[in-house]
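**Q** If you scroll down you'll find the structure; I have some questions about it.
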Amino acid sequence: MSEGLNLQDAVRVIHYDLPWSPARLAQRVGRIDRAGSPHERIETVTFLPPQPLADALAMERRLVAKRRTQSRAGAGPRAFDWCDGLYGLAARAGPPATPGACGAVAAAEPAVVLVVRLGRLVEGVVVTDTGARADPARATRLLERAAVAEPAPFDRAVLERAIRRAAPLVRSRLAALEDARWRTAQRDRLSRRLIPWVLAVARRAAARRRHADLARLDGLVSRLALGMTAGEELLLEDLLARRAPLSVRDVLAWHERLPPLGTGAEAPQVELVAAMVLG
């Protein structure tokens, strides 16, 4: 939640950790330190590690040193929040173009900016001769330059080459999203280790011709084998962490409280929202 959200109604940010980059701290605070805030002042609270560990990590000293380096490089506080840059750019622009719109402008620095939607996320990808990189801050700067640059003839071949060059990056992003949602690829997950136990109960239900119980157990095995969201996995871990002995009825009750298989979120889709060719 450190980027891309407007939470101006909030008054307090609590840092449960200190990140290695001061830009992350600025991004977190920037969620509530925004135009339109009804508050005269905002508050930040930071949890620090015990003193011996803090001394060993030297976290504050590292953050201060990095912040000074960024300041010397000209990265002011506004440089951290590329989202504000995009909002400002959109406010100055005319009516929005249709999704998938492409354009070209003259620029001394050849590059292609791809605005790609991955499910609910939007990624700014910058493609140059050296490769493709997910860099929303740089993509925003390039788009701001393009807004005041002279139009240029649009070369579709240049865009197609940029898309091909960015394809491995987009695929890796999709794989990361899927890995965050589903746990089936992790063979040692707790949910998979429950399957033999549930199958043993299902065999007993089949031997006793308890068809209704067998159908419920079959659905449970499918969920354990085919995958769950991270949230569902956490609910299962909470169930198994109880001190009381676990029964199959408990696991069945957990399974039947969840949405039926196949009705959850669809796999994230990829959409080219917009593209700008500079050069």
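The values are calculated or read from the model by the stated rules, or taken from the named source; none is laboratory data. Predicted, not measured: the structure shown is a model, and the values here were computed from it. For accessibility, only protein heavy atoms count, side chains too; no ligands or nucleic acids. Shrake-Rupley method; radii C 1.70, N 1.55, O 1.52, S 1.80 Å.
**Q** How big is the accessible area of Leu246 in square angstrom, nearest 10, if you roll a 1.4 angstrom probe over the protein chains?
**A** Leu246 exposes around 60 Å² with every protein chain in place.
**Q** What accessible area, in Å² to the nearest ten, does a 1.4 Å probe give for Leu240?
**A** 50
**Q** Working out 0.36 nm times the residue gap between Ala157 and Thr130, then minus their Cα-Cα distance, what length gain in nm do you get to one decimal? Walk me through the numbers before you get to the answer.
**A** On the way: separation 27, 0.36 × 27 = 9.72 nm, distance 1.75 nm.
Here the answer is 8.0 nm.
**Q** So for Tyr87, Tyr16, what's the accessible-area order with a 1.4 Å probe, most first?
**A** Working: Tyr87 110, Tyr16 165 Å².
Sorted descending by solvent-accessible area, the residues read Tyr16, Tyr87.
**Q** Kindly sort Arg192, Arg161, Arg223, Arg92 by accessible area of their heavy atoms, largest first, with the probe set to 1.4 Å. Kindly include the intermediate steps, with their values, before the conclusion.
**A** Details: Arg192 55, Arg161 130, Arg223 5, Arg92 165 Å².
Descending accessible area places them as Arg92, Arg161, Arg192, Arg223.
**Q** While we're here: Enumerate the amide H contacts of Thr44 below 5 Å, restricted to partners 5 or more residues apart or on another chain; note that Pro and chain-start residues carry no placed amide H.
**A** Val13
**Q** What is the extension gain from Ala147 to Ala175, computed as 0.36 nm multiplied by their sequence separation minus the C-alpha to C-alpha distance, in nm to one decimal? Please list the in-between numbers first.
**A** Values: separation 28, 0.36 × 28 = 10.08 nm, distance 3.31 nm.
Fully extending the segment from Ala147 to Ala175 adds 6.8 nm.
**Q** Please report the accessible area of Ile163 (heavy atoms, 1.4 Å probe, ligands and nucleic acids excluded) in Å², nearest 10.
**A** Approximately 70 Å² for this residue.
**Q** Classify segment 202-247: rounded, prolate or oblate, from the alpha-carbon gyration tensor (a ≥ b ≥ c, eigenvalue square roots; a/c under 1.5 rounded; otherwise prolate if a/b is larger than b/c)?
**A** Details: a/c = 3.86, a/b = 1.58, b/c = 2.44.
Oblate is the answer for segment 202-247, as a/c is 1.5 or above yet b/c matches or exceeds a/b.
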